[in-house]
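*Asks:* Let me begin by handing over the structure; questions about it come next.
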């Protein structure tokens, strides 16, 4: 392309409508398990950079519960020059049909999401409605692409090519303009661990430096923001009256001293935020680190337990031990930090015994919340390559959902139907314990929390009913 568009562009950030409550967020699309609707972080991060020079609007058809017709009408009313949409493997075919219907009137369509990561050039060849794929939504060069300048576009890929998806920065510092949180502050968004209905999502780094082979985050490199750059965003959110945050980092504290510095500044500036983060057991098993998190306002910490089998953890590169997990959970309880443990059923080495042991481990750990997911052969991951090589899936399998609504991969020892049954069993046995239900009820501190608990309980009942409403096989 040559030349430069001097005109101010009308840019629409779009989370498309869908038949189900889709979470198309940060390369991990899924069906929401308890009715939650989080901010699409891809669009949130892009909003700040694009708004520096262009007019930006947001249509989140999932949060607003817009059907196809209503969403198309809203798009038409804005008449954008450019649409930047998120798409997910969980809704691949629906997204393709809807976004194709928006083509025309000289507008360009860019797509971010897990669907484009593995081979963006091939994806563009197969989806002619799109002009480009965004493979790094933190990239500075999105503006040069939009304005059709001759600069290189490492984070944007066109049919003519671009930076190969495998060449990602590692341990690089980057800055972000303050995102346009004003567009995203709506009570339509729901987060199960938030103590206030209105919350904001903040991303302090991008990707993950660890190497879990089942996770797409280990494939996109790792970059982090300076503490002062994050603080500028937090000051903006304080000015907007926000009291609750979700730090969307894949591993909060991956650079320990940086996280300590951030927490220290948050404490010193007395922001007063309550917040939730996702981290790892080997990071959270440090008492000093947890003290810093608590002093800065952290009330909920999530961590991946994944499996009760040490050999499964080692095979898939988790890098944490069960002793570290137990220590981290114990230290969190001592400090009044709620805990959320995530588990994966159905990795290729999963057996009946390891799956049942994982369910029992979950009950023994007795966290405040537990999330039971199924293994997903995401595009670009070592797990996917293994699954194809061993014949667990065909290369053509591209639609998938870790929440369990669409299990596409058996283990070497368990059929898909058995994995579905075991997941239902895990949810029933964990959440329907009288002792657990009583503890959850006593933990409520705000009306918003009570409302979320009731909504989650209803969604849990409905999901079990939709899964068959039957007692899992023994």
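*Asks:* Counting other beta carbons within 10 Å of each residue's own, what order do 195, 256 fall into, fewest first?
*Replies:* 256, 195
*Asks:* Taking the Cα atoms of segment 322-375, report the difference between the largest and smallest coordinate on each principal axis, in whole Å and largest first.
*Replies:* Here the spans come out as 36, 19, 15 Å, largest first.
*Asks:* How would 275, 123 line up from fewest to most surrounding beta-carbon atoms within 10 angstrom?
*Replies:* Lowest count first: 123, 275.
*Asks:* May I pose another question? Segment 348-377 to segment 18-76: how many Å between their Cα centroids?
*Replies:* With segment 348-377 and segment 18-76 each reduced to a Cα centre, they are spaced 31 Å.
*Asks:* So what is the calculated 222 nm ellipticity per residue for the chain, using -39500 (n - 2.57) for each DSSP H run with n of 4 or more, over all residues, to the nearest 500 deg cm²/dmol?
*Replies:* So the calculated ellipticity at 222 nm is -10500 deg cm²/dmol.
*Asks:* Taking the Cα-to-Cβ direction at residue 211 and at residue 432 and moving 7 Å from each Cα, how far apart do the two end points lie in nm?
*Replies:* Modelled inter-label distance: 4.3 nm.
*Asks:* Order these by the 10 Å Cβ neighbour count, fewest first: 372, 289.
*Replies:* Ranked by crowding around the Cβ, least crowded first: 289, 372.
*Asks:* In Å, what is the Rg of the alpha-carbon atoms in the chain, and how long is Dmax?
*Replies:* Calculated on Cα positions, Rg and Dmax stand at 21.7, 67 Å.
*Asks:* So if the hydrodynamic radius of segment 339-421 is defined as the Kirkwood radius over C-alpha pairs, what does Stokes-Einstein give as its diffusion coefficient at 4 °C and 1.567 mPa s, in µm² per second?
*Replies:* Diffusion coefficient, whole number: 98 µm²/s.
*Asks:* Over its Cα atoms, what ratio of radius of gyration to 2.2 N^0.38 Å does segment 216-372 give?
*Replies:* With N residues counted in segment 216-372, Rg over 2.2 N^0.38 Å equals 1.11.
*Asks:* Report the paramagnetic label zone for residue 172: residues of segment 117-138 whose backbone N is under 13 Å from a point 7 Å from Cα along the Cα-to-Cβ axis.
*Replies:* 135-138
*Asks:* Restricting the count to DSSP beta bridges whose residues both fall in segment 191-466, what percent are antiparallel, rounded to a multiple of 5?
*Replies:* 15 percent
*Asks:* Give me the distance in nm between label points sitting 7 Å out from Cα along the Cα-to-Cβ direction at residue 103 and residue 268, one decimal.
*Replies:* Here the modelled spin labels are 5.5 nm apart.
*Asks:* How would you classify segment 122-279 from its alpha-carbon gyration tensor, with a ≥ b ≥ c the square roots of the eigenvalues: rounded for a/c under 1.5, else prolate if a/b is greater than b/c, otherwise oblate?
*Replies:* Cα axes put segment 122-279 in the prolate bin.
Read-outs throughout are calculated quantities, based only on the coordinates presented, and are distinct from any laboratory measurement. Remember, it's a predicted structure, so these values are computed and weren't measured experimentally. As a convention, Cβ positions derive from the backbone with ideal geometry for all residues, glycine included, and neighbour counts pool all protein chains shown.
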